[in-house]
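*Asks:* Attaching a single structure in structure tokens format; questions to follow.
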Amino acid sequence: MMAIARQPRKVQVSARSLQDLPLFLLAPLPLFPLQPVLQRLVGSVARRRPEFFERLSHHKDKRYLITPTNLPFDFLLCPNPARPSLKACRRAHLPAYDARISGTFLTLLDMLDGRLDGDALFFSRDLVIEGDVEAVVVLRNALDDLEGSVADDITRPFGAPAKAALAALRRIRSHRHDNP
């Protein structure tokens, strides 16, 4: 009997499946080790960028839920300058919030970096806003008014490894924009 040679199957890898890869890889990980890192991050930004928190004025006590759609958890930002906090939350157990901002992780990073316009993202539906829209507009304006990149500020306290990770994300982001 003659054996039939089989052609190797080609695996289709789409941009969408790569974009959702963090969702599947990070889903089983516990969030508690992330909490002190997030608190250090928001504390560092509060010390380096007090003008950001001041610009929020009466919205400083709002609770912003930031939903990276391709991660298995959300972030709750409470930007009160006296006690800023940033916490990771599972979607099955979301806390109360005033406003929600949803988009892919790289889209949200682009906004932090000042590379993408929040209005354009909203109208293209790459960014979804729920709840107190005025609070989100004030938050976006406060980010827009900052000199430099908040993403750079976020990585600074974590040293060279965090800076290298941010550089890698920026390369991925640039590749994504160059090859849609």
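*Asks:* Is it true that residue 65 is modelled with pLDDT under 90 and either surrounded by fewer than 17 Cβ atoms within 10 Å (Cβ to Cβ) or out of contact with any helix residue (DSSP H, G or I) (no Cβ under 9 Å at 6 or more places or on another chain) (or both)?
*Replies:* no
*Asks:* Give the residue, chosen from 77, 38, that is in a strand (DSSP E or B) and either of a type outside the set (D, E, K, R) or at pLDDT 90 or above (or both).
*Replies:* Exactly one residue qualifies, and that residue is 77.
*Asks:* Same structure again: Do you know which of the residues in the range 93-142 that are in a loop (DSSP other than H, G, I, E, B) and of a type in the set (A, V, I, L, M, F, W, C) is modelled with the lowest pLDDT?
*Replies:* Taking the candidates together, the pick is 116.
*Asks:* Moving to a separate point now. If I filter the range 153-165 for residues that are modelled with pLDDT of 85 or more, buried (at least 18 other Cβ atoms within 10 Å of the Cβ) and outside any strand (DSSP E or B), do I get at least one hit?
*Replies:* No.
The values are calculated or read from the model by the stated rules, or taken from the named source; none is laboratory data. Everything numeric in this text was worked out from a predicted model, so none of it was measured. Cβ: placed from backbone, ideal geometry, glycine included. Neighbour counts: every protein chain shown.
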